[in-house]
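What follows draws every value from the coordinates through simple rules; no lab data is involved. None of these values were measured; they are calculated from a predicted model. Neighbour counts are summed over all protein chains in view; Cβ atoms, including those assigned to glycine, are modelled from backbone coordinates with ideal geometry.
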Amino acid sequence: MSLSTAALATRRVLAAASHSSHEGGARTWKILTFVLALPGVGVCMANAYMKMNAHAHHQEEFVPYPHLRIRTKKFPWGDGNHSMFHNPHTNALPDGYESSHH
């Protein structure tokens, strides 16, 4: 057996082994998706929903730290005191939460 014949035989064996090890790979990933990934996403969604409900009416106590909510100039929209994505329930203004003002 010459060197090129041996190399060709080795290449064929490796190619056959490589091909057989990949057989059914798509089926394996499909099963893993339905058995692990989708239930995992469902568990994470349920966890987030339960945490959201548990903290729905909880508001942090306002502490006027001097290094937070600094306004050196007004915002160019609205009254100039609310940030672009302001949420009155979770984002405090420099003088406190809006819900405590009303």
Of those in the stretch 46-102 that are among the polar types (S, T, N, Q) and not in a loop (DSSP other than H, G, I, E, B), the residue nearest to the chain's Cα centre (by Cα) is Asn47
Does Arg69 meet the test of being on the phi > 0 side of the Ramachandran plot and out of contact with any helix residue (DSSP H, G or I) (no Cβ under 6 Å at 6 or more places or on another chain)?
-> yes
